[in-house]
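Next up is a structure, given as structure tokens.
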Amino acid sequence: MNAVDKALQTQLKNIQTKSKKSLDQLYAIIRKSGLIKHGEIRDMLKRDMGLGHGDANTLVHFYLKSQTEGAGESGSSDPDKVLGEIYSGPKEHLRPIHEKLMAGIKKFGNFEIAPKKAYVSLVSGQEIDLAAAE
């Protein structure tokens with residue numbers, strides 16, 4: 001474990017000590033809030049739990065990471081299944097637009113497609129020269 005990981009683990013332990021709650025209990029509070037955006041959850045933790053900005057920010061980061069690890073935010077590791085969930089019902093007509101957009105984006109290089117509950121992240125491991133892609 002590198003120094004940064006050690007520091008983050010220490011910070012998480014300190015958050016648990018200060019709040020007198022385990023990570024599972026803190027995560028349950030976040031889930032119960034119904035909030036899903038990082039900033040909203042962070043602000044709720046600051047307001048309702050009395051956490052400082054840095055502690056709340058770190059806790060939200062780890063909470064959201066725990067929700068997405070190994071299964072994506074929607075609970076599925078299959079991007080096509082997650083996209084099917086995003087573009088279902090009243091949003092079904094948007095799927096062809098998504099497909100055309102993705103085809104155009106491929107001109108910029110290879111991307112990891114990481115669908116979430118309500119949006120799709122594209123992750124590139126390299127810098128992109130926009131002028132060269134035209």
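The values are calculated or read from the model by the stated rules, or taken from the named source; none is laboratory data. Since this is a predicted model, take the numbers as computed values, not measurements. Note that we place each Cβ from the backbone using ideal geometry, even for glycine, and neighbour counts take in every protein chain shown.
Conditions: (1) touching a residue at least 12 places away in the same chain (Cβ under 8 Å); (2) under 26 Å from Lys117 (Cα atoms); (3) exposed (fewer than 15 other Cβ atoms within 10 Å of the Cβ). Ala28 meets all but one. Number of the miss?
Condition not satisfied by Ala28: (1).
Among the residues of segment 82-102, write down those that are out of contact with any strand residue (DSSP E or B) (no Cβ under 9 Å at 6 or more places or on another chain), closer than 16 Å to Ala118 by Cβ and charged (D, E, K, R).
Lys91, Glu92, Arg95, listed by residue number.
Still on this structure, please answer the following. For segment 85-134: of the residues being modelled with pLDDT of 80 or more and of a type in the set (Val, Ile, Thr), which is nearest to Gln67 (Cα to Cα)?
Among those residues, the one meeting the criterion is Ile86.
Since Leu51 meets every condition but one in (1) surrounded by fewer than 16 Cβ atoms within 10 Å (Cβ to Cβ); (2) not in a helix (DSSP H, G or I); (3) not hydroxyl-bearing (Ser, Thr, Tyr), which condition does it not meet?
(1)
Tally the residues that are within 19 Å of the chain's Cα centre (by Cα) and modelled with pLDDT of 90 or more, restricting the search to segment 10-26.
Summing the residues that are within 19 Å of the chain's Cα centre (by Cα) and modelled with pLDDT of 90 or more in segment 10-26 gives 2.
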